[in-house]
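J.: I have a structure I would like to understand better, so I am pasting it below and will then ask my questions one at a time.
Laboratory data are not the source of any read-out in this text; all were calculated from the coordinates shown. Given the structure is predicted, the values throughout are model-derived calculations rather than measurements. Backbone-built Cβ (ideal geometry, glycine too); neighbour counts: all protein chains shown.
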Amino acid sequence: MKTFAILACLLFLIPGRLSAQAADDTQERLKALEARIQALEAEVQALKATQATPAAPPAQAPAAESTPSQPMMAQAPAGTAGANSQSLPYYGSRDTAAKVLNPDISLIGDFLASAGHNEIQPVPGLEMHEAELGLQAIVDPYARADVFLSFGQEGVGLEEGYLTFTSLPGGFVTKVGKMRSSFGVVNTLHNHVLPWTDRPMVTENLVGGEDGISDAGVSVSRILPAPGNVFLEGTAEVFRGESEGIFAASRNRDVSFVGRLRGYGDLSDSTNLDMGVSYARGHNELGSAFITQLYGVDATLRWKPLRRAIYHSLLARTELFWSHRDLLTNTQRAFGFYTSADYRLNRRWTVGGRYDRSGRAQEAEMTDSGYSALLTYWPSEFSQLRTQYRYTRYAEGVQGNEVRFQLLFSLGAHGAHPF
C-alpha cells in the first residue's frame, strides 16, 4: 500500500513539473525574439539615418582613365532631384553640357618627302605640305556649317567655309560661302582624300592646280526625277569670278558659272557606276570681254563586295577636260585627261596606278604626259603611309623621275566627304 501511495504521488507531481519547464522554455524564446526584433529596429534606424545624410561626391577620376565603353558617372546638377531627396546620376563628364554648343574639331596633317629630279615642277625634299583644321557643326534644324582652315608653308588660308541649308522648299539644297566648285570629281576633293600624293596633270594644266575652281559664291542642287533605280542630281553655282589660273574678275559683275549633272546607279550588289558632265564659264585676266570655258566628263566605277569590302575593293576613275580660252586674236583650245585605278589587296595594303596626258591652257600645242605607280599602307583608319613613283615627260622634251612619300594622320571628328 505504501508503495502504491508513493507511485500515485509521483504520477501527480511529474506532469506539473513538466508543465513548469515548458512554460519556462516558452518565456525564454519570447524574450530572445523580442531582443532580436529590437536589434533589427536599431539597424533599420541606422540605415535611415545614413540615407538622410548626403554622401560626399567621389573624387573625379582622371580623364585618361575613362573609356567610351565605360562612361564616367557624375553627380547630377543641383535642382534635378525628383520627389525624393536623392539626386539621380547621369552618364557623361561633368562638362558635357558645356560642350553641346561646341563644333566638331578635327586636324589632318599631310607630310611629304621627295627624291629624284624634276626641273619643270620641282618640289621640296621635305615639307609639311598642309595641316587642315576642320570646324563642323549643326547650326540649327535648317542649316549646317563647315569651315576648313589650311596651314601651309605660305601661311594660313581659308580652304572652305560655307553654310548649307538642307530644308528648303522643293527639295533644294543650298550652300553659301567659299567652297570648291562641283566641276568634275577631283576638284571637289581635299588633298588628304586623294589616292595620290599629287593631283593629276590635267588638273595642273587646265583646272587651276591644287586650289582648282574654289571661290566665294552660292551653290544650289536638287535631286532630279530619273527612271529605274538611277540617282540623278543637278547643281548650279555662281561665284565671284576669281580662281587663280582660270578666271579673273575685272568688274563686280564678272562672275563665273558652274553647272554639273551627275548620275549614279548600281550595276550589282557590289558594283556601282557614277558618271557626270560639267561646264564652267568665266572671264579671264585679259578683261571682261575675254571668256574662258571648261567642259568636263567623268566616270567612276566602284567594286566593293558587301561582306569583304574592307579587304578587297576596286576604284577606277577617268576624267576628260576641254579648255576654250579667248585670247586677243583667237581662241586657245586644249584637251587633257587622266585614268586611274586603285585595288585594295587586304585590310592594310592598296596598290594603284595612274596615266596622265594633257595640253596646256595657254600653249595648246604643248602636251605633257606621264604615269604613276602607288603603294599605300594603312596602319589604321586614322593614318596612311603612301609611296608614289612618278614619271613625267614634258613638252619641252625634259623628263622627270621622282619617288614621293606621304604621311597622313587625322585627329578628332572629321565629317565624311561627298561620296
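J.: Give me the net charge of Ile138's neighbourhood, meaning all other residues with Cβ under 12 Å from the Cβ of Ile138; Lys, Arg count +1, Asp, Glu -1.
T.: Charge balance in the 12 Å sphere: -2.
J.: Please give the net charge around Thr235, taking every other residue with its beta carbon less than 11 angstrom from that of Thr235, where Lys and Arg add +1 and Asp and Glu add -1.
T.: The answer is +2.
J.: Right, here's the next one. Cα gyration tensor of segment 165-412, axes a ≥ b ≥ c as square roots of the eigenvalues: rounded (a/c below 1.5), prolate (a/b > b/c) or oblate?
T.: oblate
J.: Ranking request for peptides 215-222, 317-324: highest mean number of other beta-carbon atoms within 10 Å first, then the rest in descending order.
T.: Averaged packing, sorted descending, gives the order 317-324, 215-222.
J.: So, R0 is 35 Å and r is the distance between the beta-carbons of Ser167 and Leu301; what FRET efficiency does that work out to, to 0.05?
T.: Efficiency, from the Cβ-Cβ distance: 0.55.
J.: In the neighborhood of Ala248, defined by Cβ-to-Cβ distances under 10 Å, what is the net charge if each Lys or Arg adds +1 and each Asp or Glu adds -1?
T.: -4
J.: Calculated FRET efficiency, Leu267 and Glu396, Cβ-Cβ r, R0 41 Å, to nearest 0.05?
T.: 0.45
J.: Also, I was wondering about something else. Mind jotting down the distance between the C-alpha centroids of segment 374-401 and segment 142-205, whole Å?
T.: Spelled out, the Cα-based centre of one part sits 23 Å from the other.
J.: Could you go through segment 169-182 in sequence order and give the Karplus-derived ³J(HN,Hα) for each residue, using 6.51 cos²θ - 1.76 cosθ + 1.60 with θ = phi - 60°, rounded to whole Hz, and x for Gly and Pro?
T.: x, x, x, 7, 10, 10, 10, 10, x, 9, 7, 6, 6, 8
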